[in-house]
Structure formats: structure tokens, C-alpha cells
1. From the alpha carbon gyration tensor of the stretch 82-195, can you work out the equivalent ellipsoid semi-axes (sqrt of 5 times each eigenvalue) and give them in Å, largest to smallest?
2. Mean Kyte-Doolittle hydropathy of -0.5 or higher plus an axial Cα length of 15 Å or more: which whole DSSP H helices in the chain meet both?
3. If I take R0 = 51 Å and measure r between the Cβ atoms of LYS107 and GLN267 in this structure, what FRET efficiency does the formula 1/(1 + (r/R0)^6) give, to the nearest 0.05?
4. Tell me, what HN-Hα J-couplings in whole Hz come from the Karplus equation 6.51 cos²θ - 1.76 cosθ + 1.60 at θ = phi - 60° for each residue of the stretch 189-206, using x for Gly and Pro?
5. Rounding to the nearest 20 debye, state how big the charge dipole of the chain is about its Cα centre with +1 on each Lys and Arg Cβ and -1 on each Asp and Glu Cβ.
6. Among GLY364, GLN206, LEU624, whose Cα projects farthest towards the positive end of the dipole of the chain, with charges put on the beta-carbon of Lys, Arg (+1) and Asp, Glu (-1)?
7. Which residue, chosen from THR32, ASN643, LEU422, occupies the Cα position most advanced towards the positive end of the dipole of the chain, where the dipole is computed from +1 (Lys, Arg) and -1 (Asp, Glu) charges on Cβ about the Cα centre?
8. What dipole magnitude, in Debye to the nearest 20, does the stretch 335-436 give about its Cα centre under +1 on Lys/Arg Cβ and -1 on Asp/Glu Cβ?
Amino acid sequence: MYTYIKVFSIIILISIISFSIHPAYAAETSGTISVVSFDGLGYMDAQRYMNKGIMRNLQEFQQEAAYATNFITVMPSLTAPSHAAMATGAGPANTGIVSNEFHNPRKKVKDDQSGFSQTLGVTPIWKEAKDQGKVTATVAFPDSNPDNSSAATYAVYSGGTLAESKLHNLKFSTVEDERVHQLDAGSIGVEVAVITLDIKDYPTQQLFLLRTDEKEPKLYISTNPKEIGGELLVNDWNAIKLDLPPFDSAGFYVKLKGDIANKDELQLFQGTVMAGIYRGPDNFAEQIESKFGFYPAADELGAFTAGTITREEYEQAGERFTKYVTDVSLYIKDTYQPDLLFYYYPIVDNELHQFLLREPEQPGYILETVQEKEKYVSWAFRQADQAIGRIKNNLNTDDHLLLISDHGLEPIHTRLSPNEELEKAGLLVKDKHGTIDSSKTKAYAEASGTIAHVYVNLKGRETKGIVEPSEFQQVKQEIVSVFTNRTVFTPLSQDPRKVAHPVLQWLTGNGVTSYKPYPYPKVTLFSTYNSKEVTPYEKIWTDDDEEYSSIINGNSGDVFLSAAPGFLMGKEAKIAAEPAQELGSHGGNPERPRLRPILYASGPDISPGELSGRITMTDIAPSLYELLGLQAPDFVEGQPIWNTK
């Protein structure tokens, strides 16, 4: 008996040691459950672009998958709250992610906080499953920062923007040092241009561009003043890697602008400088960095809108990030074989926010502009579909795949400013520089998308709060009254051809003679209004309203505002209502058809076909717990979509 116990103990000990010295791989016989989120890819748009032949891979996947036709996200229908609900099975009241940006009540007025950087109030499934013995991974997924307490086994995440993009004029001067000898230039002249990089929270960095002065000049680029570096590709992007501890990766892309033979007109476009966080057992970070380089910028929208890069170059930057996410995610899936893998694409959301021009009420709604913006948007959906094709082709027979989004987007014509309304009512005060004066301000709105949280500057709760607790209810009611029945003028009528002017004209009543109408496909939402006034603030909630209970948290406002379709809450808008620059947005009532997300799912435990019953975003996590064979935590609010037992 003693011998048997001794041998058995040795076997257990050997097993434990063997497991501890190997990477955290899942069992070889189990497949991977992949949850792939396409930000902003709404159900209506998915149908639209499948019908147009742009999303053929999604259409093919739909034929073999389960697909939801009654799927809604949480309120507010914003990226951070929706992904938090997706990852936890809990709504904003429990996750604490009540908006993309919100005010921290324990700080001074106007001190806001990102919903993407805060630790979730409840545990996400990638951490819970890891704690229950599963191997999990996240790539670029919102709310998955591994430096927070709820990290997956393997994680790839943005370390943030370290420097914005910039177009640099190149000024060359003669150089006579060891670099000339390294180039073996002989009698050929060598010149250098120095570019300064202002990196956030780091000492100034510099780039050195060497130019050989010959019949066919060449350029070399380096971050070291004593080295020639690598040859600069003239008609292509060049990756520049930086060493910026503690980040696991940092870098950016550059591209030469101008004729290399004409040095006086040469410019260098320096892309957004990004940091990356790679976390995992053993040498995971080194493997990701060596195979895929630094974490790239998701887009170069600022440079494109400023005209410093072309549309083609802008698209190349977006395609680069999409490829990076796909490459890294599929590598992790194939190499580390996680039980659960989350990854994320922002490309559709980025384009729709800027270029969703589909309604006559929107600024610039003329045929040429509509067609141009539609090309931009179609490109983004095509990129998403190409990623879906690669993901679909990588599936094994025992894999499960959920293609999902967080919300859709609606066309926007007018930007509102809740803070301007509060200022007019005397509840918000600015100093002579236009900065909010917290010593005199009673209320402040933190806007994001089409919603806003309004916070009372309450003494004892806010830093430098001025509103006495005895005045709290009165101030709150004053805020409600500011936005109740608030209207803006509009000459919208039942005939869309009469309202097809840009928003500035219908706000001011000015006519226009150069307007070229677009052939309208349908009567728009706003054609149902008979009145010449529209109420832009659709929902005004306080903690007295039952509907607000799903959002109320220590981070939520004392008053919650939700805009009517077509209206955006402007964070820094200068007037109470003005033409929108952002043409697409979201955040409001998730029941609205255009805001509804997609859900397609396949795998051995999922029967294909339509899922017509109501599914909410909080049902995703419990469904994953079911597929993993794990017990869902008590805080999970949703129900499994599939029963595998």
C-alpha cells in the first residue's frame, strides 16, 4: 500500500512539473472559440453590403451559420459599454462602463475618464475562464488592457498614441563624419536632415535622414546619429521602430513626399507613433514583436482630413492595421491554441463616423459628395469582409466562431452642445479664456456620441464641489428643465425634395442656388415631422426613472441625455446647435433598427439557421461559458443562446 501511494505521488509530481515548464497551451483535442468584433458593423448595413456583393465572405458564412435577426446591444449603444457587456454578461450598472468617456465624480469638474482604460467592475470571461483552467487570448479588444487586473493568458493591446502624425519639411546640411565612410561615398557629397519627434512622456527623439548627392541620389534613415540606418524606400512606407520601455513595442511608419532629386522640396510624412503591450507566458512578447513588429496605428484620419496624405495612403494605413490584427490573432490561434480568443476591428466604425452621408438633412448632401463618401464606406466593408474570409478559411472542424459587432450607426446632421445649454441657464460658468470655472459651475455634461451624462458639482463628492447636498435635488430638476421640450428650428416637411439642403441652410433659412439634388431612394425619417420645430433631446433620465437603472453606477451622471436620431452630442461644440462635421454616430436607443448589431455563429455545438428570438449583448458571455463547459459567475445577467447539455 505504501509503495503504491509513493509511486502515485511521484507520477502526480512529475505531471505538475511537466505542466509548469511548458507554455499555457490548451488541450490538443479541443478547438478554439473565437469572438471577432467588427466595431460599427450594424445588421442593416451588413444586409446592405451583402446585397451589393461587397461582403461575399459574410454572405457565404451566413449560409452555414446561425444568424440573429433580433439582436440588440446595451444602453448606451456605445463601443466601450457594449464591449464590456459582451465580455462580462453584465450591463453598464455592473461593469461601470457607462460611456466611452465619463466624469469621475471624485475628481474636479471636467476631469474625464476613458471607458476603454478603466478596469471593469466585474470580471471579463477571458479572466474568469483562465482562472477556471482555460487558456484565453485577446488581441486589440476593447477593455482588455493586460495591465489591468483582468488579463487573458495572452494579450496584445494598444499602449496608446505617443505622438500624432506630422508632415516634416526636410532641410539638408553637409555631413562629414564616420557615416560618410560607412556609406563608402568617396568623393560623393553626403547631407543630413534631422527631424525631432515629440514623444509623450519621453525625452525628445530624433530621426536622421542621410542623402547621397549623386545622379541617382539615395536616402537612408536612422534613429542613431552615428549610424546610416536602412535605405529609405522612395515610393513605399518605411517602418521605424523605437525602444521605449516599459512598452513591449513602439514605432511608426514614414513615407517620403516629393521628388528625391529635388531636395529643397522633399518632405517626410511621419505617421502616428504607437505603443504596444504584449503579455503572456515565457517569450510570448518577444515572439509577437519579432514576427509582427510594433503595434500600428488603426488609421491616419487626421492626416487624410488635413490633406497631408492621399486617400490611397490613408487606405494603406487602415489595411495595415486590419492585416496586423488578423495576422497576430491567427498566429496566436494556431501556435498557442487558446480555448477562447477575442479580437477586434475598428475599420468600419472609423469610416462610418466620418463618411456616413445618406440623408438629405446632412451637410454636403449632393450627388458627387454622396458617391465619394459611399466609395470610402464601401472600402471599409470590403476590408472587413476580406478579414472574414481569412478567419473563415482558418477554421478547424472543432472550432467555434462568433462574428459580432457592438452597434450600428445612424446618419448625423446636427451637433448639439449640452454645456452651451447649461451655460445659458447659468448652471455652467466659464472664465475669460473659455475654460469651465469649477468654483462657479453647478453642472457639467460629459458627451460621447449621441448621449451625455450631466454631473452636479456636488460638495463632498466632487473635488471643489460647490452645490450643497440640500440643493442637489433642486439643481437636478433645473438641469432636467433646461433640456425638457428644448427645440431647434427646422423647415422639414413631408416631401424630402423640399428638405434636401445642407443643415446650415435649414438652420439659418438661407437659400442656395447651386444645389444639385440626389435621386432619393425613399422618404426619410424626418419627413414624418409636420412641425417646424424638432425636439433634439429624446430621453432625459434621472435616478428616479426606472429605465435609468440599467446604467446607474458611481460613474454615471445625475441626469442622462439621449439625442433624437440625426443629432450628436458635441463635447466641445461652441453653439447650442450647429451643422455636424461627424456624419455618423451612435449611443442612443439600442432598439432603433440602424443601431442593431450583427451576430453570426458557427461550430459543432451551434445549429445553423435564423435566430429570430430576442438576444441581448449580455447573452454573449453566458453563451461562451456554456460552450466552454464552465459555470457562469453570479453577476452575469444574460442567458445562454445555446444549450450544449
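1. Working: eigenvalues 471, 93, 19 Å².
Value: 49, 22, 10 Å, ordered largest first.
2. 2-20, 472-483
3. 0.75
4. x, 10, 10, 10, 10, 10, 10, 9, 10, 8, 8, 4, 6, 9, x, 4, 9, 9
5. 880
6. GLY364
7. Selected residue: LEU422.
8. With only Lys, Arg, Asp and Glu charged at Cβ, the dipole is about 240 debye.
The values are calculated or read from the model by the stated rules, or taken from the named source; none is laboratory data. Here the structure is a predicted model, which means the values were calculated and not measured. Virtual Cβ from ideal backbone geometry, glycine too; neighbours counted across all protein chains shown. For accessibility, only protein heavy atoms count, side chains too; no ligands or nucleic acids. Shrake-Rupley method; radii C 1.70, N 1.55, O 1.52, S 1.80 Å.
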